[in-house]
Amino acid sequence: MKLSHRAQEVSLSVTLALDAKAKALALSGRDVVNMSVGEPDFDTPRVAREAATTTIRGGSVRYTPAAGTPAMRQAVARYLETTRGGVWSSEEVTICHSTKHALSGAIHALVDPKDEVLLLLPAWVSYVEIVKLAGGVPVSVPGRADCGPDFAAIERAITPRTKAVLLNSPSNPTGYVWTRDEVARLGRLCVERGLWLISDEIYRRLVYEGDPNPSPASLARDVRERTVVLDGASKSFAMTGWRIGFVAAHKSVAAAVERLHSHLVGAPNTVSQAAYMAALQAPGSEPEEVVAMVAEFDRRRRFLMSELDAMGLVAPNPRGAFYAFPNVERYLDARGSIGLCEDMLESEGLALVPGAAFGVDTHVRLSYATSMEKIAEATRRMRRFLSTRQVPLASPVTRRAR
Ligand code: GLU
């Protein structure tokens with residue numbers, strides 16, 4: 001009995017595996033604080049839950065077209081006009097089961113075997129695997145010390161085989177939000193070099209200070225033509241388990257994703273489409289609960305950053321998303337960030353994600369999408385753990401995984 005090479009080589013998502021492990025430990029009676037997974041701890045907005053209930057009660061739960069219902073695609077097109085500007089049509093939108101699903105659809109639609117895709121480090125765990133599953137070659141590009149983009153490194157990484165660049169702003173795992181100038185510069189580079197710019201905007205709404213996150217699709221016309229926007233309900237609307245999102249791009253790309261998904265998954269979930277559509281059609285294109293949720297994330301962010309600072313840990317200022325990514329290099333032994341996180345879970349019951357999962361082994365990721373009490377407890381445990389951590393005198397020098 002032999003599995004395919006593809007299946008043998010793909011590893012379980014580190015974020016999901018760690019979350020499952022932390023939950024299993026808690027179930028077994030261990031006192032665990034889980035700051036691993038990035039999942040809002042807020043209720044799904046009322047308007048979305050009511051739309052879902054009405055849909056189920058009315059029995060309108062049959063298949064929809066593979067690209068989503070016409071009304072849903074229209075709603076996303078209007079939402080894009082409000083949030084990204086310009087004019088959008090339904091043909092430029094394909095509804096997917098999640099933003100992760102939208103990403104895999106876009107990568108499969110655009111990437112041929114051996115095509116290279118630039119991943120800007122630190123990069124979210126699933127990018128590298130999704131590119132490999134499509135037969136493409138993930139090419140890691142180091143970023144700046146503050147986790148912003150290093151354009152010289154990006155330009156050096158481009159080869160005749162480069163097909164696309166993956167942009168994730170606000171970033172998972174750093175919370176870094178690209179400036180308008182940085183997005184414009186990357187967009188221009190993609191136009192000049194004939195590359196697709198795949199823009200994962202799942203954290204778009206979660207920006208707490210400074211300028212909002214600019215989408216490349218809201219810049220020049222020629223940049224928008226090269227841009228593939230990915231977004232969904234999970235993070236901004238606290239709708240993780242609903243599994244609903246979309247691809248928005250040139251209609252040939254949207255149609256390609258639709259064709260792929262018609263075979264691979266059939267159609268997006270009917271009930272979740274109704275719920276997401278209701279959320280998008282709320283006044284201001286978002287449910288009223290979102291403002292309070294974002295304000296609470298910001299409160300937690302400030303608290304967590306001041307705690308990390310008090311521990312003497314340096315982290316890039318997370319203007320967006322709900323992660324902090326401190327440098328813990330001086331506490332690492334030869335097992336790197338994975339060993340550190342294993343030890344912390346073992347001795348303190350504190351679950352964090354090792355930076356190695358994102359291609360930067362000198363850091364760890366903390367998700368502050370959890371209560372203030374849990375964040376306070378997590379930082380107490382982290383401080384205790386680090387204060388007693390025995391590290392070899394010859395501390396490892398900067399590591400870069402992948
Ligand atoms: N994207 C979230 C995270 O990084 C959820 C888990 C996942 O899909 O990776 O924690």
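Values quoted throughout were computed directly from the atomic coordinates according to the rules given, and no laboratory measurement underlies them. Model, not experiment: these values are computed from the prediction. For neighbour counting, all protein chains shown are included, and Cβ atoms are generated from backbone atoms with ideal geometry for every residue, glycine included.
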Label-point separation, Arg156 to Thr388 (7 Å along Cα→Cβ), nm
4.3
Taking other Cβ within 10 Å of each residue's Cβ, how do His263, His108, His101 sort, fewest first?
His263, His108, His101
Among Val247, Leu230, Ala267, which residue has its Cα positioned farthest towards the positive end of the charge dipole of segment 205-275, with +1 placed on the Cβ of Lys and Arg, -1 on the Cβ of Asp and Glu, and the dipole taken about the Cα centre?
Ala267
Once each part is reduced to its C-alpha centroid, what is the distance from segment 1-66 to segment 79-153 in angstrom?
21
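Using helices alone, what [θ] at 222 nm do you get for the chain, with -39,500 (n - 2.57) per DSSP H run of 4 or more residues, divided over all residues and rounded to the nearest 500? Walk me through the intermediate numbers first.
Numbers: 14 runs with 171 residues, N = 402.
So the helix-based figure for the chain works out to -13500 deg cm²/dmol.
With respect to the cross-link table entries Lys2/Lys100; Lys132/Lys251; Lys114/Lys251; Lys114/Lys163, which display a Cα-Cα separation exceeding 18 Å? Can you show the working numbers first?
Details: Lys2/Lys100 28 Å; Lys132/Lys251 25 Å; Lys114/Lys251 25 Å; Lys114/Lys163 10 Å.
Those over the limit are Lys2/Lys100; Lys132/Lys251; Lys114/Lys251.
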For segment 96-112, just list the computed ³J(HN,Hα) in residue order, Karplus coefficients 6.51, -1.76 and 1.60, θ = phi - 60°, integers in Hz, with x standing in for Gly and Pro.
10, 6, 5, 6, 4, 5, 4, 5, 5, x, 5, 5, 5, 6, 10, 9, 8
Given C-alpha coordinates of segment 262-402, what is the ratio Rg to Rh with the Kirkwood estimate of Rh?
1.10
PRE zone check, label point 7 Å out along Cα-to-Cβ of Ala292, amide N under 20 Å, scope segment 356-373, hits 369-373
So how tilted is helix 251-264 from the main axis of the chain? Cα-based, degrees 0 to 90, rounded to 10.
80
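Return Asp200, Asp43, Asp150 ranked ascending by Cβ neighbour count within 10 Å, so the fewest neighbours appear first.
Numbers: Asp200 26, Asp43 12, Asp150 16.
Ranked by crowding around the Cβ, least crowded first: Asp43, Asp150, Asp200.
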When the expected Rg is taken as 2.2 N^0.38 Å, what fraction or multiple of it is the alpha-carbon Rg of segment 10-79?
1.66
Sorted by chain and then number, the residues having a modelled amide H within less than 5 Å of the amide H of Val228, at least 5 places away or on another chain, are Leu197, Ile198, Ser199
Which of rounded, prolate or oblate describes segment 6-51 when judged by the alpha-carbon gyration tensor and an a/c cut-off of 1.5?
oblate
Using a 10 angstrom cutoff on alpha carbons, build the Gaussian network for the chain and name the most mobile of Phe42, Phe246, Phe237.
Phe42
Pair-distance profile P(r), taking every C-alpha pair of the chain, with 20 angstrom steps and integer %:
28, 59, 14, 0
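Compute the FRET efficiency between Ala17 and Asp333 as 1/(1 + (r/R0)^6), taking r as their Cβ-Cβ distance and R0 = 22 Å, and round to the nearest 0.05.
Numbers: r = 22 Å, r/R0 = 0.99.
Computed FRET efficiency for Ala17 and Asp333: 0.50.
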Can you pull out the trypsin sites (Lys or Arg not before Pro) in segment 124-224 that DSSP calls coil and that have at most 15 other Cβ atoms within 10 Å?
Arg144, Arg161
For segment 188-194, 3J(HN,Hα) per residue [Karplus equation, 6.51 cos²θ - 1.76 cosθ + 1.60, θ = phi - 60°, Hz, x = Gly/Pro]:
4, 4, 5, 5, 4, 9, x
With unit charges on the beta carbons (Lys and Arg positive, Asp and Glu negative) and the dipole taken about the Cα centre of segment 35-185, which residue among Val47, Pro70, Pro142 sits farthest to the positive side?
Pro70
Which length gain, in nm to one decimal place, applies between Phe42 and Leu264 when the Cα-Cα distance is subtracted from 0.36 nm times their residue separation?
76.8 nm
Taking 37 °C and 0.692 mPa s as the conditions, I'd like the Stokes-Einstein D for segment 207-313 in µm²/s, using the Kirkwood hydrodynamic radius from alpha carbon pairs.
196
Restricted to the chain, the DSSP antiparallel beta bridge percent, nearest 5, is 45
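Fewest to most neighbouring Cβ within 10 Å: what's the order for Ser4, Ser90, Ser272?
So the ranking, lowest neighbour count to highest, is Ser4, Ser90, Ser272.
From largest to smallest, what semi-axes in whole angstrom does segment 10-143 give when each is the square root of 5 times an eigenvalue of its alpha carbon gyration tensor? Don't jump to the answer; show the numbers that get you there.
Numbers: eigenvalues 177, 146, 45 Å².
Equivalent ellipsoid semi-axes, largest first: 30, 27, 15 Å.
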How about segment 72-122: which trypsin sites (Lys or Arg not before Pro) there are in a DSSP loop, with at most 12 other Cβ atoms within 10 Å of their Cβ?
Lys114
